[in-house]
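Novice: Below is one structure. I have some questions about it.
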Amino acid sequence: MDLILWRHAEAELGEPDEGRALTPKGHKQAVKMAEWLDRNLPESCRILVSPATRTLQTVEALKRRHKVVADLAPNMSPADLLRAANWPDSREPVLIVGHQPTLGQVAAQLICGQPQEWSLRKANIWWISQRERGDVTTNYLKAVVAPELLATSGKHHPR
């Protein structure tokens with residue numbers, strides 16, 4: 001199974017927390033990451049999103065069907081997220097658009113096998129895959145992608 005964790009892009013400060021919107025920089029981050037995801041995600045990927053405004057605005061840039069899942073709201077547990085994703089039994093890849101600290105906790109649990117506090121930066125994607133060899137299944141980090149490493153379409157950066 002592939003589990004792709006996408007932290008929402010940069011959001012404004014304020015209250016209520018779930019109503020915080022993306023900043024102009026956050027919208028640009030979301031577009032960059034959405035372009036990369038659109039090129040790399042299989043069509044069969046299920047996309048699950050927190051009900052918070054900033055996650056909904058982040059996923060809108062992807063322009064794919066998605067499902068809002070209450071169990072992905074801010075401060076939900078890693079177990080809630082993994083249950084929503086049907087880890088490790090989902091037949092198709094799952095993209096989760098969510099929040100810290102839960103995303104970092106899930107990444108640490110799946111990669112290290114124990115609870116740790118890892119931080120996923122805003123708008124970053126962590127792609128975790130499973131590999132089966134005989135009767136041994138291991139999880140590994142397939143990719144980490146940050147928006148500042150990506151150019152938006154049509155723009156070229158000097159090297």
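Novice: State whether the residues of segment 5-20 include one that is in contact (Cβ under 8 Å) with a residue 12 or more places away in the chain, crowded, with 18+ Cβ neighbours inside 10 Å and in a helix (DSSP H, G or I).
Specialist: no
Novice: Name the pairs: first residue in segment 62-81 and farther than 25 Å from Asn40 by Cα and among the β-branched types (Val, Ile, Thr), second residue part of a loop (DSSP other than H, G, I, E, B) and open to solvent by less than 40 Å² (accessible area, probe 1.4 Å), Cβ to Cβ under 6 Å, at least 6 apart or on different chains?
Specialist: Going by the 6 Å Cβ cut-off, there are no qualifying pairs.
Novice: Based on this model, can you work out whether Ala30 counts as aliphatic (A, V, I, L, M), touching an Asp or Glu at 6+ places or on another chain (Cβ under 7 Å) and surrounded by 20 or more Cβ atoms within 10 Å (Cβ to Cβ)?
Specialist: The answer is no for Ala30.
Novice: Hey, another quick one. Pairs under 8 Å by beta carbon, first residue touching a residue at least 60 places away in the same chain (Cβ under 8 Å) in segment 42-61, partner assigned to a loop (DSSP other than H, G, I, E, B), six or more apart or different chains?
Specialist: Thr58/His8; Thr58/Ala9; Thr58/Ala123
Novice: In addition: Any chance you could count how many residues in segment 122-149 are at negative phi and more than 17 Å from the chain's Cα centre (by Cα)?
Specialist: The qualifying residues number 7.
Novice: Tell me, please, whether a residue that is acidic (Asp, Glu), out of contact with any Lys or Arg (no Cβ under 7 Å at 6 or more places or on another chain) and either open to solvent by 30 Å² or more (accessible area, probe 1.4 Å) or modelled with pLDDT of 95 or more (or both) can be found in segment 145-154.
Specialist: Yes: one or more hits.
The values are calculated or read from the model by the stated rules, or taken from the named source; none is laboratory data. Keep in mind that this is a model prediction, so the values were computed, not measured. Cβ atoms come from the backbone with ideal geometry, glycine included; neighbour counts cover every protein chain shown. SASA here: full protein model, heavy atoms, side chains in, ligands and nucleic acids out. Shrake-Rupley method; radii C 1.70, N 1.55, O 1.52, S 1.80 Å.
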